Amino acid sequence: MNRVPVGDASEPSDPELVERARGGEREAFGCLYRRHQANVYRFARAMTGSSVLAEDIVQEVFLALMRDLDRYDASRAGLRTYLLGIARNLARYKARSMRRLISLDQAEEAYEFEDPAAALSSNQETR
């Protein structure tokens, strides 16, 4: 297995690393991760406003790349563009999912739930 030079002027291009990763070379995929992870994180952080969500998105982006490496076509877009597209879709999906969840405070305001302890106390006092 060939080692990927890191920080070297002869560092391989993204398409070359993708081909090597498709061939099963783990270090090639690791090099792609190191090369692009910070950009994907910054993009996801800007889209979500959350460092926690951004970290999740980075992980999911690279898992998707690993799983679907054969779907990437270098003639259609650069790898960074491809990865940021995946990150954008994941951020939008997470934003839609988060909108469906409302906080307990918001639910109480909307439905004016009665405090169970206060209701029990009130029932016992009226007896």
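The values are calculated or read from the model by the stated rules, or taken from the named source; none is laboratory data. Computed from a predicted model, the values in this text were never measured in an experiment. Please note: Cβ atoms are built from the backbone with ideal geometry, for glycine as well, and neighbour counts cover all protein chains shown. Each accessible area value is taken on the protein alone, full model and side chains, heavy atoms only, with ligands, DNA and RNA left out. Shrake-Rupley method; radii C 1.70, N 1.55, O 1.52, S 1.80 Å.
Accessible area of the range 27-84 with a 1.4 Å probe: how many percent of it is carbon plus sulfur?
Details: 1620 of 3300 Å².
Heavy-atom surface of the range 27-84 belonging to carbon and sulfur, 1.4 Å probe: 49 percent.
Apply the Karplus curve 6.51 cos²θ - 1.76 cosθ + 1.60, θ = phi - 60°, to the phi angles in the range 19-31 and return the couplings in whole Hz, x for Gly and Pro.
4, 5, 5, 4, x, x, 7, 5, 5, 5, 5, x, 5
E19 accessible area, nearest 10 Å², 1.4 Å probe?
100
Compute the FRET efficiency between D56 and S10 as 1/(1 + (r/R0)^6), taking r as their Cβ-Cβ distance and R0 = 41 Å, and round to the nearest 0.05. List each step's numbers first, then the result.
Details: r = 35 Å, r/R0 = 0.84.
Once the sixth-power term is evaluated, E becomes 0.75.
Which residue, chosen from Q37, L63, L53, occupies the Cα position most advanced towards the positive end of the dipole of the range 23-64, where the dipole is computed from +1 (Lys, Arg) and -1 (Asp, Glu) charges on Cβ about the Cα centre?
Most positive-ward Cα: Q37.
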